[in-house]
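To keep things clear, I will list the structure first and then write my remarks on it.
The values are calculated or read from the model by the stated rules, or taken from the named source; none is laboratory data. As the structure is a prediction and not an experimental result, all values here were calculated from the model. Here the Cβ positions follow ideal geometry from the backbone for every residue, glycine too, while neighbour counts run over all protein chains shown. The area values use the complete protein model at the heavy-atom level, side chains included, leaving out ligands, DNA and RNA. Shrake-Rupley method; radii C 1.70, N 1.55, O 1.52, S 1.80 Å.
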Amino acid sequence: MIFYSTKTASIKASAEEAIFNSLPADNGLYMPESIPQLSPDFLANIENKTFNEIAIEITHTLFGDEITRSEIETIIHKAYDFEAPVRQINEQDYVLELFHGPSMAFKDFGARFMAAIMSHYLLRSKKQINILVATSGDTGGAVAQGFYKIPGISVTILYPSGKVSDIQEKQLTTLGHNVTAIEIDGTFDDCQKLVKEAFLDPELNAKFNLASANSINIARLIPQSFYYFSAYAQLKKLGKPVVFSVPSGNFGNLSAGLLAYKMGLPVEHFIAATNLNNAVPRYLESGAYEPRASIETVSNAMDVGNPSNFVRLQRFFEDDWTLVTKKITGFYFDDEQTKTAMREVFEKSEYVMCPHTAVAYKGLQEYRKLNTSDFTGVFLSTAHPAKFIDLVEETLEKSIEIPERLESLLSIEKVATKMEASFSDFKNLLMSTLS
Ligand SMILES: *Cc1c(COP(=O)(O)O)cnc(C)c1O
């Protein structure tokens, strides 16, 4: 599969190049030059396929020119030993649970695939690579778990001191081996700036193979399309059009849904649901894209003022606003509306949602008010509620269970190197620890 840069169509890359570079040299985004179609036969029988069979078929359709089918099978089985089940919430609506992976957030789907496909390429080239990643919470845990003990890859994670939840911090700081956590006395933006400076530093780049695991890497985006197909497979027997509601921040998740749709998945409509960081819903309303500085909300993994995948979202529709609005409707909600939705679903269905999931649920309910046709609604649940236990318990006035996988982390001592947000300190540390 050939990728091009959204800024300069003549800049092209193979899948391997796009995965290891993360971004084209002109700072655009990689997009597939043409989107291959899944065979009608596969879609006609998709309800009989397992998650991994679906993932293998999609990966083969996209990367079959570079990776053999049996290598793809190895990659997928290495990446996924967890599922993406749908559960019925009310008469017409289902939740797609994306939190059954090792870090209990949907970012596991991207991170695990990325680790498996990178290690496939590295086995051939025998290179050693060093992943640098800044996290505001969930990305770090998923990347740490995804790359843990993968030969040939070391991971350095920067996180802002005191600004991630206890559980999120433990997910970054308790693995050890090839995963190093650096606790920065500063904000997420400071962490991201240090990582960016490292990628631009000639001395570091001459000495080490640095790679990024940020969310715009196509190796994180593409695998997120798998669960849209899997949800459709699980709901196909109902025989109704399917509408997906996606809780969005950087819009990687929704972009992956659009990729699935462009590959042939029958999707009636998408809902872009956000918190008050609402640049995309406002664009869908008015046609004007006006990013703003991000503001803090209770669904903090979606506190993104200027979503990095917005360019991709438009490009899937040839940058034509009218076409975009035919397929996507946007809604945004404040913290009170989010918490009310959490209470409503708990009271009616005894189902506990994280705040991000609640935003998607609410988006679906609002869309039902505008569109009374008969469809199956699916809202994506992006994290296990226990990852946000303080907020969830306070909102529902009820204590909730922490899954063993998260609970056991709390008693392990954290190991992190604390430092100021200083590039020279960070560089010295990399020089002395990387190989
Ligand atoms: C990252 C994240 C999101 C936002 O996903 P995007 O792909 O950035 O739109 C939503 N919910 C949770 C729990 C997340 O971790």
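Quick notes
- Taking N as the residue count of segment 196-258, its C-alpha radius of gyration divided by 2.2 N^0.38 Å amounts to 1.70.
- Projecting the Cα atoms of Leu265, Ser373, Val179 onto the dipole axis of the chain, where Lys and Arg carry +1 and Asp and Glu carry -1 at the beta carbon, places Leu265 farthest toward the positive end.
- Checking every one of the GluC sites (Glu not before Pro) in segment 387-431 against DSSP loop status and a limit of 14 other Cβ atoms within 10 Å picks out Glu397, Glu401, Glu413.
- Amide hydrogen neighbours beyond the local backbone of Ile131, cut-off 5 Å, H modeled: Ser154, Val155, Thr156, Ala211
- Net charge of Cβ neighbours under 11 Å - reference Ile67; Lys, Arg +1; Asp, Glu -1: -3
- Within-15-Å neighbourhood charge of Asn214 [Cβ basis; K, R +1; D, E -1]: +2
- Among the lysines of segment 13-165, pairs at least eight places apart or on separate chains and with Cα atoms under 28 Å apart come to 13.
- For segment 245-356: accessible area per residue (Å², 1.4 Å): 38 Å²
- Site pair His100 and Lys237 shows an inter-label distance of 1.6 nm when each label is modelled 7 Å from Cα along Cα→Cβ.
- Overall, the accessible surface of the chain at a probe of 1.4 angstrom is composed of carbon and sulfur to the extent of 48 percent.
- Remark: segment 61-194 carries 35 Å² of accessible area per residue (probe radius 1.4 Å; ligands, DNA and RNA excluded).
- Segment 29-93: C-alpha gyration tensor shape, a/c 1.5 cut-off, then a/b vs b/c: prolate
- Two-decimal log10 I(q)/I(0) for the chain, as the Debye equation yields it once each C-alpha is a single scatterer, q = 0.09, 0.13 Å⁻¹: -0.53, -1.20
- Measuring against 22 Å, Cα to Cα, the residue pairs Lys237/Lys369; Lys339/Lys369; Lys236/Lys262 contain Lys237/Lys369 as the ones spanning a longer distance.
- For the chain, calculated [θ]222 nm from helices alone, where every DSSP H run of n ≥ 4 adds -39500 (n - 2.57): -13000 deg cm²/dmol
- The GluC sites (Glu not before Pro) of segment 1-109 meeting both criteria, a DSSP state outside H, G, I, E and B (loop) and at most 16 other C-beta atoms within 10 angstrom of the site's C-beta, are Glu33, Glu66, Glu83, Glu91.
- A Gaussian network model of the chain, with springs between Cα atoms under 10 Å, assigns the largest mean-square fluctuation among Leu194, Leu221, Leu204 to Leu204.
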